[in-house]
Amino acid sequence: MNIHVLTASGFAPVEYHGQQGTFYTKKLCVAAMPYMRTHAIDQDTIFETTEMVVEVTPDGRVQMTAIDTDYVEEPVGIDTEDGAGLLRDAGVDVELFLGKGT
């Protein structure tokens, strides 16, 4: 896991009281997320203007939540297809992040 790729993609380090390790978060609008923009907008819970938080956890998982809604994507491994999809939607070069590219 290459943290520099995350920070270059706009993720910021966050530490939560009572939790071990550093989390990396990025807040972005659904309109800026290609997959979410195409598949998740329902005009009920998720709108084009809904703000999302994509977060990489210290234990190598990625999760996504919609701010001010009940929408939550459960954490998945960063090296899974779903995890890679969430990271790509947040603008991460997944191959570089996972150390599989140059």
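Values quoted throughout were computed directly from the atomic coordinates according to the rules given, and no laboratory measurement underlies them. Treat the numbers as computed from the prediction; the structure is a model and nothing was measured. Cβ placement follows ideal geometry from the backbone for every residue including glycine, while neighbour counts extend to all protein chains displayed.
For Tyr71, the residues 5 or more places off, or on other chains, whose built amide H falls under 5 Å of its own are Ala66. In the distance distribution for the chain, Cα-Cα pairs more than 23 Å apart total 23 percent. Counted by neighbouring Cβ atoms within 10 Å, the residues His39, His17 run from fewest to most as His17, His39. Lys27: net charge of surrounding residues, Cβ under 14 Å, Lys/Arg +1, Asp/Glu -1, itself excluded? The answer is -3. With the dipole of the chain worked out from charges on the C-beta (+1 for Lys and Arg, -1 for Asp and Glu) around the Cα centre, which of Cys29, Gln43, Leu6 lies farthest toward the positive end? So the residue furthest toward the plus end is Leu6.
In this Cβ point-charge picture (+1 for Lys and Arg, -1 for Asp and Glu), the chain has a dipole of about 400 debye about its Cα centre. Between Phe23 and Thr45, the FRET efficiency estimated from the beta carbon spacing at R0 = 25 angstrom works out to 0.55.
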